[in-house]
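Everything on this sheet refers to the single structure shown next.
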Amino acid sequence: MATSNSGDLWVRRYHPAPQAPVRLLCLPHAGGSASYFHPVSQRLTPHVETLAVQYPGRQDRRHEPCLETVRELADRIVEVIGPWQDKPLALFGHSLGASVAFEVALRMEARGNLPAALIASGRRAPSALRDERVHLRDDDGLLEEISLDGTQSQLLEDDEIKRMVMPSIRADYKAAETYRYEPGPPLSTPVYALTGDADPKATTDEVRAWADHTTGPFEMTVYPGGHFYLNAHSTAVTDKIAAWLAPATAAGR
């Protein structure tokens, strides 16, 4: 694994591919970490160099304060990805990560750096608002939600592990649930959406509304499954990502 420099804790590069003509920056879901995208990196290399963001407050960053808003996460991320923008850079986010990726894309465009693509997975469009308050529940209530999400909540049955990870999970849920889209000009970036047909957190209509957030191309792909549909369709998902990045790959060459 490599990072952009020894002091950069934000960006992880598991499979360096310096000859790749395009890069993909992956942003995790609530409670997730950069390592979730290790298999994605492995499958896309060497044609796409995959980078994964590590939010503060988890794994090797567990002693750092968690960030509790999407915009603060986006502000911090856009400040550290400059060295990776010497070639086309696409954004891929799952769930919370999709909202963060959208805000990163807005900031990149404002700086004159058009992302190669924004790929939003398992997340309704920014304008599709729901009133969600899971982050206000006690630990048992939050664990119940995590179980419904299909994540490995059994890992949190260990009290020591639970004490270590619950603060970051709660902070992530707070960021996701308190995020409010501020209407403004749409992106010019191509936007692609991925979702499961039985995702309780995002209906297909809510996901299709991502089309309203770009003047560029839009495409949506629906897979069988729930919020973590991509775990069961990993090969198909990475093949789809590679196809969407093909224009940027050709331009990068």
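Odds and ends about this structure:
- Cα coordinate range in the chain, projected on the principal axes (Å, largest first): 51, 42, 33
- Probe 1.4 Å - accessible area at Met220, Å² to nearest ten: 50
- Mean projection area, nm², convex hull over Cα of region 170-233: 5.2
- The calculated 222 nm mean residue ellipticity attributable to helices in the chain amounts to -10500 deg cm²/dmol, summing -39500 (n - 2.57) over DSSP H runs of n ≥ 4 and dividing by all residues.
- Note on Asp8 and Ala242: the extension gain reaches 81.6 nm, defined as 0.36 nm multiplied by sequence separation minus the Cα-Cα distance.
- Largest-first ordering by accessible area, 1.4 Å probe, given options His63, His47: His63, His47
- If the chain linking Met164 and Arg62 were pulled fully straight, counting 0.36 nm for each residue of separation and taking away their Cα-Cα distance, it would gain 36.0 nm.
- Cα lying deepest toward the dipole's positive end in the chain, options Leu118, Phe228, Gly196, charges on Cβ: Leu118
- Debye, to nearest 20: dipole size of the chain, +1 on Lys, Arg Cβ, -1 on Asp, Glu Cβ: 840
- Over all distinct Cα-Cα pairs of region 64-151, the Kirkwood formula returns a hydrodynamic radius of 14.7 Å.
- Label-to-label distance, Thr204 versus Ser127, with points set 7 angstrom from Cα along the beta-carbon direction: 2.1 nm.
- Nearest-0.05 FRET efficiency for Gln42 and Leu136, computed from C-beta distance (R0 45 Å): 0.75
- Computed with every protein chain present, the accessible area of Lys87 is close to 40 Å² [probe 1.4 Å].
- In order through region 127-138: 3J(HN,Hα) via Karplus (6.51 cos²θ - 1.76 cosθ + 1.60), integer Hz, x for Gly, Pro: 7, 8, 7, 10, 8, 10, 9, 4, 5, 8, 6, 6
- Average accessible area per residue (Å²) across the chain - probe 1.4 Å, nucleic acids and ligands excluded: 44
- q = 0.13, 0.20, 0.22 Å⁻¹: log10 I(q)/I(0) that the Debye formula gives for region 10-129, counting C-alpha atoms only: -0.46, -1.12, -1.35
- Percent accessible area from carbon and sulfur atoms, region 6-154, protein chains only, probe 1.4 Å: 48
- Amide H contacts of Ala193 (H built 1.01 Å from N, under 5 Å, at least 5 apart or other chain): Ala120, Glu219, Met220, Thr221
The values are calculated or read from the model by the stated rules, or taken from the named source; none is laboratory data. This one's a predicted model, so the numbers in the text were calculated from it and none came from an experiment. Positions of Cβ are backbone-derived with ideal geometry, glycine not excepted, and every protein chain shown enters the neighbour counts. Quick note on the areas: whole protein, heavy atoms, side chains included, nothing else; ligands and nucleic acids left out. Shrake-Rupley method; radii C 1.70, N 1.55, O 1.52, S 1.80 Å.
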